[in-house]
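Q: Structure provided below as structure tokens; questions to follow.
FYI, it's all coordinate maths here, none of it is from the lab. Bear in mind the structure is a predicted one, so any value in this text is a computation, not a measurement. Don't worry about glycine lacking a Cβ; one is built from the backbone with ideal geometry, like all the others, and counts go over all protein chains shown.
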Ligand SMILES: [Cu+2]
């Protein structure tokens, strides 16, 4: 008994301590920032209280009966085996309770699935290991990768405590207007991913060759974070989601500047060696590091090493062609702009951290298209 008391006291202290240290880590389901997420929360609370009531009623009756009608008081066990009335009662009451709970649950599920009359649609494609967002009918289309600070800290083993929103930050967040019904269509380019932002109240699988739908309407401007929640390979933990909800005016401006930036022609003028190497390191960190690793060692058996690789260190033209075309194992990097491709090729051929030292510089003008990407 004493031990149980001590255990209970320490568990209470730990819980209190955790709650004061991390006020955000409450025990209950979060309410979120949309009507649907609040409806889900209300449904959860309703069902919880129904369960609490049933639990107290059933266990209360049991404990009362066991204590007050115990054998030592001389009670005899009643015999109501095959009592039709009792059997009807204990079938009908739970049925009524289940049907009563199913009504609000079904209402919420129908609401969750109703993507009709949406104001805009965003196609979300899960890829190993980042998200691709396409605002249908607007021309806005971009990739959202883990932010460079998180990527670097987790790759080179430096202290992540100084990195704001470590592993929960991206280079380009999904921006949406508040108060608008936004329909999402989900698919995947490779394996099953799952798009989950807890504040929106749901998660949805992104399956290859299949379209799933969901919708949201965010009430409050703000930044909402989430993660891929389907085990999708070695970097599953490194493809977070950031949603920024803003007022309609700000959103319209964001669309305008995003489109203008998308249409900007890349600057293809010659760069210094330092610039090429610095730009190349950034492109490498975003696009190559998850397979070929921060030191270029790759993953034996799965991803070839760049360190000392014949393909990397030999002629430039075959390497350019190889990167643009891709293979069955490596995606095409024709999506990179010529200045990015030139920088990353300079970097992989010359970075001391990758162990290569060809001693050349590849300028953007040296990139010749061998593969046409439909998206450009
Ligand atoms: Cu994933």
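Q: Applying 1/(1 + (r/R0)^6) with R0 = 45 Å to the Cβ-Cβ distance of residue 259 and residue 62, what FRET efficiency is obtained, to the nearest 0.05?
A: With R0 = 45 Å, the Cβ-Cβ based efficiency is 0.10.
Q: Continuing with this model, one more query. Measure nothing but the geometry: give the 0 to 90° angle between the long axis through the Cα atoms of 35-68 and the longest principal axis through the Cα atoms of the chain, rounded to 10°.
A: Taking the Cα atoms of the chain, the angle to 35-68 is about 30 degrees.
Q: Let me ask something else about it. If you take every DSSP beta bridge whose two residues both sit in the chain, what share of them, in percent to the nearest 5, is antiparallel?
A: Counting only bridges with both partners in the chain, antiparallel ones make up about 70 percent.
Q: So what's the Cα pair-distance distribution over the range 183-253, bin width 5 Å, in %?
A: 4, 15, 23, 23, 17, 11, 6, 1
Q: Follow-up question, since we're still on this one. Sort out for me the Cα centre separation of the range 297-353 from the range 60-77, rounded to whole Å.
A: Each part's Cα centre sits 78 Å from the other's.
Q: Inverting the mean 1/r over all pairs of different Cα atoms, compute the Kirkwood radius of the range 273-366 and quote it in Å.
A: 13.0 Å
Q: Here's another thing I want to ask about it. If you average the sequence gap of Cα pairs under 8 Å that are 6 or more apart and divide by the length of the range 121-263, what percent do you get for the contact order?
A: Reported relative contact order: 27 percent.
Q: If only Cα atoms are counted, what is the Rg of the range 133-177, and what is its Dmax, in Å?
A: Cα only, the range 133-177: 13.6, 43 Å (Rg, Dmax).
Q: Nearest 10 degrees, 0 to 90: what angle lies between the long axis of helix 248-263 and the longest principal axis of the chain (Cα atoms)?
A: The answer is roughly 30 degrees.
Q: Grab the DSSP H runs of the chain that are 4 residues or longer, score each as -39,500 (n - 2.57), total them, divide by all residues and round the 222 nm result to the nearest 500 deg cm²/dmol.
A: Taking each H run of at least 4 residues, the total per residue is -13500 deg cm²/dmol.
Q: Could you work out the Kirkwood radius for the chain, taking every pair of different alpha carbons, averaging 1/r and inverting it, reported in Å?
A: About 25.4 Å for the chain.
Q: Give me P(r) over the range 121-263, computed from all C-alpha to C-alpha distances, binned every 5 Å, as integer percentages.
A: 2, 10, 19, 23, 20, 15, 8, 3, 0
Q: With both partners inside the range 111-236, how many of the DSSP beta bridges are antiparallel, as a percent to the nearest 5?
A: Antiparallel bridges: around 75 percent, rounded to the nearest 5.
Q: Please grab the % of Cα pairs in the range 24-113 that end up more than 18 Å from each other.
A: That tail contains 65 percent of the Cα-Cα pairs.
Q: So how do 131, 90 line up by other beta-carbon neighbours within 10 Å, fewest first?
A: Fewest to most other Cβ atoms nearby, the residues stand as 90, 131.
Q: Helix 2-21 versus the longest principal axis of the chain: what is the Cα-based angle in degrees, 0 to 90, to the nearest 10?
A: 40 degrees
Q: Sorted from fewest to most neighbouring beta carbons within 10 Å, what does the list 346, 84 look like?
A: Taking fewest neighbouring Cβ atoms as first place, the list is 84, 346.
Q: Run the numbers for residue 115 and residue 91: contour at 0.36 nm per residue of separation, minus the present Cα-Cα distance, in nm.
A: 4.9 nm
Q: Sticking with this structure for a sec: If packing is taken as the average number of other Cβ atoms within 10 Å across a peptide's residues, how do 259-269, 234-244, 309-319 rank, most packed first?
A: Highest to lowest by the protection proxy: 234-244, 309-319, 259-269.
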